[in-house]
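The structure appears right after this line, and notes come after that.
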Amino acid sequence: MSGAAATDFFYREAQRLGYVARSAFKLLQIQKQYKLINPGSSVLDLGCAPGAWLQVACQSLGPLKNGGVVVGIDVKKVKVPSMHCDSRVQTICGDVLNLPKSQIRTLSPQSRGFSVILSDMCAPITGIALRDATLSIELGMRALEFAVGEAAVNQSFDGNNVMEDEQIGSMSDDGMLQPGGNLLIKLLESEDIQELIRLCKPLFKRSSWLRPKATKSASREIYLVCQGYNRS
């Protein structure tokens, strides 16, 4: 199937199934392979516009009786889609990198943080490959720091991929991700993205790359899937 045909297929399928964007199929594949979201999960969707991932995340929570929450944040105002979403979904308009973490934490159950953080954030594409890759890495690093805290990232920088449980447990708790939680970060492929997964390996039980089938053939998008945050 050609890239154009694949694009048409996922676009048509999104319309047929009531998703607001074809990007829903990226998260659907990731969810099928990795099961990042479970019934009762608390999910934070960074860069949630136009709302397709909100739909998939809410579906993944199961029936309303299972509980769970989905919070979407974007610099654009995003209306919660009427299909595939229910009362567990809410959105906030703002720059997540500038919003106080204390404000975001209060949106999680018992203000304990989130069990899943999804980052589909992307800087505006300039068309200059090197600059776009650099901006992508910077945004990915910010997403990682937001999830686990700057102290954890700095420790990983200094630890040469080796971190003792005592070291992890002693770091200040300024991240939004719960112990055992899962993190998903969108990036643009480049040599430098290997540094990001190097940082994640000691912080998570498993870290791997995935390029979903719904990704456009001309796109350099790739996703870093991190499972089982090691925070003690």
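The values are calculated or read from the model by the stated rules, or taken from the named source; none is laboratory data. Just so you know, these numbers come straight off a predicted model, no measurement behind them. So basically every Cβ, Gly included, is an ideal-geometry build from the backbone, and we count neighbours across all protein chains shown. Only protein heavy atoms, including side chains, enter the accessible area calculation; ligands, DNA and RNA are left aside. Shrake-Rupley method; radii C 1.70, N 1.55, O 1.52, S 1.80 Å.
Residues in region 190-205 include none that are open to solvent by less than 10 Å² (accessible area, probe 1.4 Å) and either within 18 Å of residue 25 (Cβ to Cβ) or free of Cβ contacts under 8 Å to residues at least 12 places away in the same chain (or both).
Residue check: residue 104 meets all listed conditions (1) in contact with a Leu (Cβ under 9 Å, 6 or more places away or on another chain); (2) assigned to a helix (DSSP H, G or I); (3) surrounded by fewer than 16 Cβ atoms within 10 Å (Cβ to Cβ) but one, namely (3).
Note on region 169-222: residues that are part of a loop (DSSP other than H, G, I, E, B) and not small (Gly, Ala, Ser) amount to 16. Contact map, region 36-55: residues that are buried (at least 23 other Cβ atoms within 10 Å of the Cβ) paired with residues that are in a loop (DSSP other than H, G, I, E, B) and of a type in the set (Phe, Trp, Tyr), Cβ distance under 6 Å, separation 6+ or inter-chain. Pairs shown: 52/19; 55/19. Quick one: would you say residue 9 is hydrophobic (A, V, I, L, M, F, W, C) and either in a loop (DSSP other than H, G, I, E, B) or open to solvent by 70 Å² or more (accessible area, probe 1.4 Å) (or both)? Yes. Can you say whether residue 69 is in contact with a Lys or Arg (Cβ under 9 Å, 6 or more places away or on another chain), under 22 Å from residue 26 (Cβ atoms), surrounded by 12 or more Cβ atoms within 10 Å (Cβ to Cβ) and at pLDDT 85 or above, as far as the supplied structure shows? The answer is yes for residue 69.
Within region 175-199, being at pLDDT below 95 and within 17 Å of residue 136 (Cα to Cα) holds for 188, 189, 190, 191, 192, 193, 194, 195, 196, 197, 198, 199. Of the residues in region 132-139, at least one is at pLDDT 90 or above, surrounded by fewer than 16 Cβ atoms within 10 Å (Cβ to Cβ) and not hydrophobic (A, V, I, L, M, F, W, C). Taking the condition modelled with pLDDT of 90 or more, under 17 Å from the mean Cα position of the chain (by Cα), over 20 Å from residue 125 (Cβ atoms) and of a type in the set (D, E, K, R), does residue 213 pass? In short, no.
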